[in-house]
1. Quick one: count up the residues across segment 108-146 that are out of contact with any Ser or Thr (no Cβ under 9 Å at 6 or more places or on another chain), of a type in the set (A, V, I, L, M), touching a residue at least 12 places away in the same chain (Cβ under 8 Å) and over 15 Å from residue 288 (Cβ atoms).
2. Residue under question is residue 202, and the condition is that it be over 17 Å from residue 335 (Cα atoms) and under 19 Å from the mean Cα position of the chain (by Cα); does it hold?
3. With the structure loaded, tell me whether residue 55 is β-branched (Val, Ile, Thr), farther than 23 Å from residue 274 by Cα and assigned to a strand (DSSP E or B) or whether it fails that test.
4. Residue under question is residue 206, and the condition is that it be surrounded by fewer than 19 Cβ atoms within 10 Å (Cβ to Cβ) and at pLDDT 95 or above; does it hold?
5. Could you please let me know if residue 93 is outside any strand (DSSP E or B), modelled with pLDDT under 95 and within 29 Å of residue 365 (Cβ to Cβ)?
6. Against the conditions (1) outside any strand (DSSP E or B); (2) within 24 Å of residue 189 (Cα to Cα); (3) in the same structural domain as residue 105 (by TED's automatic domain parsing); (4) in contact (Cβ under 8 Å) with a residue 24 or more places away in the chain, where does residue 309 fall short? Just the number, please.
7. When residues of segment 207-249 are filtered for being touching a strand residue (DSSP E or B) at 6+ places or on another chain (Cβ under 9 Å) and aliphatic (A, V, I, L, M), how many remain?
8. Among all residue pairs at least 6 apart or on different chains, which show Cβ distances below 6 Å where the first residue, located in segment 205-216, is among the charged types (D, E, K, R) and the second is surrounded by 10 or more Cβ atoms within 10 Å (Cβ to Cβ)?
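The values are calculated or read from the model by the stated rules, or taken from the named source; none is laboratory data. Just so it is clear, the model here is predicted, and its values are computed rather than measured. Ideal geometry is used to build each Cβ from the backbone, glycine not excepted, and the neighbour counts take in all protein chains shown.
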Amino acid sequence: MTADISPDSVGIVKPRVQHFAQSLQLESGSELPAFELIYETYGELNRDRSNAVLVCHALSGDHHVAGFHSPEDRKPGWWDNLIGPGKPVDTRRFFVVCPNNLGGCSGSTGPLTANPATGKPYGPDFPLVTVGDWVKSQALLADALDIRCWAVVIGGSLGGMQALQWAIDYPDRVKNAFVIAAASKLSTQNIAFNEVARQAIRSDPDFNNGHYYENGRKPALGLMLARMLGHITYLSDDVLDEKFGRELRHGKIRFGFEDEFQVESYLRYQGRSFVDRFDANSYLLITKVLDYFDPASAAGGNLAEAFKPAQANFYVISFSSDWRFAPPRSREIVRALLEADKNVSYVRIQSTQGHDSFLMPIPHYHQVVRTAMNRIAGTGGF
């Protein structure tokens, strides 16, 4: 079946790969001797190269943020409802760039990549990275694209954390930062969720200490369980109840441990489909990136002090039903930015979709982003 490509879609897109021959020094003390970033772009860079938007993806995201990869592709990019001609991030006015982060499994250098020292996949030997390392690699990509300053850096969840880090680490290269459904650091509960997910993967009999590529058997059960757990935290109790309630698959209780309830069937489907598209070592690594993120730690625990170097205008958005990165976490960011005397706008969007709200075409949310982006374009913000 051919994709139904609407006029407000960016259409058929082709990923690009940027190779970096230089080594990348990581915060852990390790280094990558060379690396690659796969990325996609939408729209056109203007003459003075000032209308560029960097999209930073979340845990299970990648570089395919909008459009389709072929006429037969039925699934658009993960933020297609937000990005395209006439959409809130309007590709008739902005040049949008989205890379797959280091350590991912969609084409950028990561655990699946051949280790030049062994010729085999890095696997568990791929070094742990941080949000700061990601931002450093993205800055090198910006250099390669001859983009001196981003008009906007935007991201949801872990992507919003990257937007914060960009504003701190490269203050003269970010004019506007959109921090959506994010936090300045994980709560203890969130770290606990991540650890349970990691243990599910590491306890899988097929994990083989992370060297499962060699025996050709993925730790499928462990990764499936990790995704099921994560998916529950991304949704609200209201949306789960609305979608499934206590509905039984076969109309009656069968007194067994198979998926009797519709919500059980849904979670198993989500887990199984995730195994087909994601790498377990990447999942382990990226959840650690989340755990480590804490920009205030470099400023003695003072978040306002950490924000002092930033020069960007900040747009902070939270969602009422998001309990993974709840609105109070966004308000902590806003208070610290105000204390640091930064220009910040904040809105709490009413939603029943939980943490996944940032991916949804919620009218008020889209209008907020559209208005801000129009203002940025209309006032020469790029």
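1. 6
2. Working: over 17 Å from residue 335 (Cα atoms): yes; under 19 Å from the mean Cα position of the chain (by Cα): no.
Criteria not met by residue 202.
3. Numbers: β-branched (Val, Ile, Thr): yes; farther than 23 Å from residue 274 by Cα: no; assigned to a strand (DSSP E or B): yes.
No.
4. Details: surrounded by fewer than 19 Cβ atoms within 10 Å (Cβ to Cβ): yes; at pLDDT 95 or above: yes.
Answer is yes for this residue.
5. So residue 93 does not fit the description; no.
6. (2)
7. Within segment 207-249, residues that are touching a strand residue (DSSP E or B) at 6+ places or on another chain (Cβ under 9 Å) and aliphatic (A, V, I, L, M) number 1.
8. Every condition considered, the pairs that remain are 206/212; 206/217; 206/219.
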